[in-house]
Each structure stands twice: as C-alpha cells, then as structure tokens.
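Enquirer: Take this structure, written in structure tokens, and hold onto it; I'll ask about it next.
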There are 4 protein chains.
Amino acid sequence: MKDFDYQIELEVRDHECDIQGIVNNSVYQNYLEHCRHKFLNEIGLSFAEMHNQGIDAVVIRAEIDYKSPLRPGDSFIVQLKMAKQGRLRIIFRQEILRKADQKLMISARITTVLTRNGKPISPESLEEAFKRAGINMEVD
Amino acid sequence: MKDFDYQIELEVRDHECDIQGIVNNSVYQNYLEHCRHKFLNEIGLSFAEMHNQGIDAVVIRAEIDYKSPLRPGDSFIVQLKMAKQGRLRIIFRQEILRKADQKLMISARITTVLTRNGKPISPESLEEAFKRAGINMEVD
Amino acid sequence: MKDFDYQIELEVRDHECDIQGIVNNSVYQNYLEHCRHKFLNEIGLSFAEMHNQGIDAVVIRAEIDYKSPLRPGDSFIVQLKMAKQGRLRIIFRQEILRKADQKLMISARITTVLTRNGKPISPESLEEAFKRAGINMEVD
Amino acid sequence: MKDFDYQIELEVRDHECDIQGIVNNSVYQNYLEHCRHKFLNEIGLSFAEMHNQGIDAVVIRAEIDYKSPLRPGDSFIVQLKMAKQGRLRIIFRQEILRKADQKLMISARITTVLTRNGKPISPESLEEAFKRAGINMEVD
C-alpha cells in the first residue's frame, strides 16, 4: 500500500494466540475492524452512535490473505485505504505490517454497505465526513 | 451447496453478538474453523496432535460472503466440502445455514496448505485419511 | 453440587485454547454465561429481549476457582444452581465438569443484580418465572 | 490502590462490547491477563518462552468485582500490585480505571502458582527477576 488514509499501532495479546503459538485467524478481523472504527472516530463518526440512530455499517464480503503470522510480543501497524465501488459499496483495502521490520503479514479487502433500518443507503452522508477530513475516495 | 462432506450444528452464544445485536463478523471464522477441526477429528486426525508432530494446517486465504446475520437464540448448521487445487492447496467450501428455515447466512471459501516445520508439504498424508473416510476430493 | 437447577453440554473449540494448549481462563466466563442465558431461555426469558425492554441482568462479582484445565477435544457439562442473597442479589453457583470422567474443572460463584434503566430492581419479576418453572430459590 | 508495581493503558475495541453496549464480562480477564503478561515482559520474562521451557504461570482463582462498565470509545488504565501468599502463591491485585475520570471500573484479585511440567514450584526464580526490577513483594 503506497499510501493510506489511516493507520493505528497495536500489539499482540497472548490470549489472542492459539495452540500453534500464533495469532488465531479470526483475530485479525478484530484488528481490521478496530482500525476501521477508529478511523470513523477520527473523522467524527461513531459506530455505536450510528447504530443508535438506525444506521449500520455492514460488512458484506471479506477477503483476507494470510501472508505470515503475528506472534506473542509483536507490535504491528494496521492501515486502511478507502474506495467507492458503484453507488452503494465502500471498499476498505487494509494491511497489517509487523512493526519491527515492516513485513506484510495480512492483506485484506473488506466490502461494506451502509444500511438504515436494514435497507442499503447511499454512503453520501459519510462521504461528506470523509471530504471534510480531506479524504477523496477513489473508484475501486 | 448441493452435497457436502461434513456438517455440525451449533447455536449462537449471546456474548458472540456485538453492539448491533448480531453475531460479530470475526466470530463466523470461529464457527468455520470449528467445523473444519471437527471434520479432521471425524476422519481420525487432530489439529492439536498434528501441531505437536510439527504438522500445521495453515489458512492462507479466507473469502467470506456475509449474506445475512445470525442473532441471539439462532441455531445453525456449518458444513464443508473439500477440493484440491494444484499440488499443495486444499480448498474448503463452507456454508452456514440458519436451522429454522435453512436460510444461507454465510458462504465461504477457505484456502489452506499443510506445513511441516513451517515448509509447505503435499497433502497426500491427509488424502489417505480422506479416502479411508470415503471422501474423494474434487479438483477446484 | 449435589443437585442443580439447569445444565448444558458443550465441547471445547480449538481456538478457545491458548499457547499453553488449554482453554484460556477468560473463556470459562463465556461458558458460564452461556449456561445462565440458556437457563433464562428455558424458563421463558431472553437476555436480549430483556435488554430491549430496559431490563439488564448484571454481574457484579465473579469468583472462579480453576481446578483443572479443559483441553482440545474435551466435552463438558456446565451447570448452575440459583440462590437469593438479601433483597436484590441472585447468586449463581456454577460448576464445569469434564464429561469423560465427571471431574470438576471449574467451580464458580457469580453474583448478579437486575437493573431497569441502570437502577437496581427487585428480582421478583424473574422469581415468578422461576416458580412457574418449579425452581425454589434457596437463601444463600 | 495507593501504589502499584505496573500499569498499562488500553482502549475498548467495539467488538469487545456485547448486546448491552458495554464490554462483556469475560473481556476484562483478557485486559487483566495482558497487563500481567506485559509486566512479565517488563522485568525480562516471557509467558510464551516460559511455557516453551515447561514453566507455566497458572491462575487458580479469580475474584473480580464489576464496579462500572467500560463502553465504546473508553480508554482505560490496567494496573497491578503483587504479593506473596504462603510458599507457593503469588497474588495479583489489579484495578481497571477509566482514563477520563480515573473512576474505578474493575477491582480484581488473581491468585496464581508457578508450575514446572504441571507440578507447583516455588516462585523463587521469578522473585529474583522481581527484585532485579526493584519490586519487593509484600505478604498478602
């Protein structure tokens, strides 16, 4: 990912590792989600408050390439870049890099839609927030 | 999925649901993994014992389509069908169906490789176990 | 636990085990909670629906004795017995037994209160449901 | 806790919250464990490496008072103070404070023993590491 819209730094918690001594596959989705939600906070939005107003950001497809596993003690970077796809979809391209050597551990593509009371809605309301934050969504 | 090699029945635990009142996206990977590991048990293999012998089944790519969310109280079926891809990859096509109405909630394609001491190995040893169990892997 | 009000049977999922190859300490709270919530369902109550009506069952103290660890492949029984303490508290005495040999793995005492809109309320409404289900709460 | 031996700062991840919109009870054990393991790292020990050498730090009892719940967006402090109990036990008194107002959210007392190949051993080897780090364990 040459450039990105947002990144956070986290570190592995031992309980996130499984019998193989590496971070369990499902846990990376927690990392990726936390990065997306922190990004929403950064631009003035809140996943929890949006839900209370009937607006939900919904993942409809996740594609995750597991390049190399994180281990106990590892610090890592989670980053994202957004793009639009068609009228309704927002794509998050996300990467997880091991901090010590910037090695790419996870490459992911998360497809989301916004819903109001369960019905898909245009992401225009969020786009305004994105623009105020200086982010121009590319077309995927 | 017209036919499948293995299926289990589970039910949602309330703590698996998040603020939106639905099962969190990452949790479905737990369900899918549990189905794969139970399937290994069924044909006489154990994920934990294999690991102790230096053999690990490793997920290298997960593609998950979130069709509809599971909710508190839901029982559901997790099923899988295996196929080979090339010399080294085993593909698990997996589905999660809501039990009450057989509605498709999750459709997934999990790509795995076997490793011995971290190096990819041919899945032939497992294929023997599969054949003994009457499973003929199709080519993906 | 000589007698109990409710029990369920579950089995360990491999991802619930940590680097030590045993179920992580925090996961037993998931098992214990799932047993309590299933028990509520059994007597006609739902944790999720209660929450939607502003009524929450809240854990205020957990005491958990870890006797012996569950491992991959283990099936186990989770059981509970309820008692009242004072006007507001409901105590759940809970145990987890390994199914194969009925060995006691976990002994717990979970203290809960009911709240409506965040304020503690008398558990009388639930007591009615308990009595209809033939359960007489002892005084702890 | 007037004084403490170690503290870390974390923040709530949305997926850690359940239907009630608050951090699930089991998750605080993850926070408490992560603080203990980071503390081990701080004084030159590693939970994962100790396990590989046959030495495990084992929780035998957890007592957790849930004073007030953490919510999405909250940052918080996890801190610990160690004490000895008898020849074999190490007690961790732990607290979780909400960062914004230093409100006490969780108060816990975690009783642990060290084992080598499953047998309890004296914590003297760790005591040396503690002393090097300037920590004098009080008697509980």
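Enquirer: Is it the case that region B:65-73 has a residue that's away from chain A (no Cβ under 14 Å), in a loop (DSSP other than H, G, I, E, B) and crowded, with 19+ Cβ neighbours inside 10 Å? Explain how you work it out, then say what you get.
Expert: Filtering region B:65-73 down to residues away from chain A (no Cβ under 14 Å) leaves B:72-73.
Subsequent filtering for residues that are in a loop (DSSP other than H, G, I, E, B) retains B:72-73.
Next, from what is left, pick out any that are crowded, with 19+ Cβ neighbours inside 10 Å: B:72.
Scanning region B:65-73, I find at least one residue that is away from chain A (no Cβ under 14 Å), in a loop (DSSP other than H, G, I, E, B) and crowded, with 19+ Cβ neighbours inside 10 Å, so the answer is yes.
The rows are residues; the columns are (1) over 11 Å from the mean Cα position of the chain (by Cα); (2) surrounded by 15 or more Cβ atoms within 10 Å (Cβ to Cβ); (3) at positive phi.
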{"residue": "C:Asp3", "(1), (2), (3)": "yes, no, no"}
{"residue": "C:Glu9", "(1), (2), (3)": "yes, no, no"}
{"residue": "C:Arg13", "(1), (2), (3)": "yes, yes, no"}
{"residue": "C:Ile19", "(1), (2), (3)": "yes, yes, no"}
{"residue": "C:Tyr28", "(1), (2), (3)": "no, yes, no"}
{"residue": "C:Cys35", "(1), (2), (3)": "no, yes, no"}
{"residue": "C:Phe76", "(1), (2), (3)": "yes, yes, no"}
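Enquirer: Quick check: is even one residue across region C:49-56 at the interface with chain D (Cβ under 9 Å from one of its Cβ atoms) and in a strand (DSSP E or B)?
Expert: Yes, some residue in region C:49-56 is at the interface with chain D (Cβ under 9 Å from one of its Cβ atoms) and in a strand (DSSP E or B).
Enquirer: Something else now. Any residue at all in region B:119-137 that is surrounded by fewer than 14 Cβ atoms within 10 Å (Cβ to Cβ), touching a residue at least 24 places away in the same chain (Cβ under 8 Å) and within 25 Å of A:Ile64 (Cβ to Cβ)?
Expert: Looking for residues that are surrounded by fewer than 14 Cβ atoms within 10 Å (Cβ to Cβ), touching a residue at least 24 places away in the same chain (Cβ under 8 Å) and within 25 Å of A:Ile64 (Cβ to Cβ), one finds at least one in region B:119-137, hence yes.
Enquirer: How many residues, within region A:81-130, are among the charged types (D, E, K, R), modelled with pLDDT of 85 or more and closer than 20 Å to A:Leu40 by Cβ? Full working, then the answer.
Expert: Within region A:81-130, the first condition is being among the charged types (D, E, K, R), and the residues that meet it are A:81, A:84, A:87, A:89, A:93, A:95, A:98-99, A:101, A:103, A:109, A:116, A:119, A:124, A:127-128.
Filter again for modelled with pLDDT of 85 or more, leaving A:81, A:84, A:87, A:89, A:93, A:95, A:98-99, A:101, A:103, A:109, A:116, A:119.
When the remaining residues are screened for being closer than 20 Å to A:Leu40 by Cβ, the result is A:81, A:84, A:89, A:93, A:95, A:109, A:116.
Residues meeting the conditions: 7.
Enquirer: Looking only at region C:1-46, how many residues end up being more than 10 Å from chain D (Cβ to nearest Cβ) and not in a helix (DSSP H, G or I)?
Expert: The total comes to 19.
Enquirer: Considering only residues that are over 22 Å from C:Ile22 (Cβ atoms) and of a type in the set (Val, Ile, Thr), which ones fall in region C:70-123?
Expert: Scanning region C:70-123 gives C:Ile90, C:Ile91, C:Thr111, C:Thr112, C:Val113, C:Thr115, C:Ile121.
Enquirer: Further question: For region C:83-98: of the residues being out of contact with any Ser or Thr (no Cβ under 9 Å at 6 or more places or on another chain) and without any contact (Cβ under 8 Å) to a residue 40 or more places away in the chain, which is nearest to C:Glu9 (Cα to Cα)?
Expert: Result: C:Leu97.
Enquirer: Now a separate question. Looking at A:Ile43, is it in contact with a Lys or Arg (Cβ under 6 Å, 6 or more places away or on another chain) and touching a residue at least 40 places away in the same chain (Cβ under 8 Å)?
Expert: On the way: in contact with a Lys or Arg (Cβ under 6 Å, 6 or more places away or on another chain): no; touching a residue at least 40 places away in the same chain (Cβ under 8 Å): yes.
Judged against the criteria, A:Ile43 is not a match.
Yes/no per residue for (1) in contact with a Phe, Trp or Tyr (Cβ under 9 Å, 6 or more places away or on another chain); (2) aromatic (Phe, Trp, Tyr):
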residue: C:Val27; (1), (2): no, no
residue: C:Ile43; (1), (2): yes, no
residue: C:Ala48; (1), (2): no, no
residue: C:Tyr66; (1), (2): yes, yes
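Enquirer: From the list D:Ala62, D:Ala100, D:Ala83, D:Ala108, which residue is of a type in the set (A, V, I, L, M) and within 14 Å of chain A (Cβ to nearest Cβ)? Spell out the reasoning first.
Expert: Values: D:Ala100 fails: within 14 Å of chain A (Cβ to nearest Cβ); D:Ala83 fails: within 14 Å of chain A (Cβ to nearest Cβ); D:Ala108 fails: within 14 Å of chain A (Cβ to nearest Cβ).
None of the other options fit; the residue is D:Ala62.
The values are calculated or read from the model by the stated rules, or taken from the named source; none is laboratory data. Keep in mind the model is a prediction, meaning the values are calculated, not measured. Neighbour counts are summed over all protein chains in view; Cβ atoms, including those assigned to glycine, are modelled from backbone coordinates with ideal geometry.
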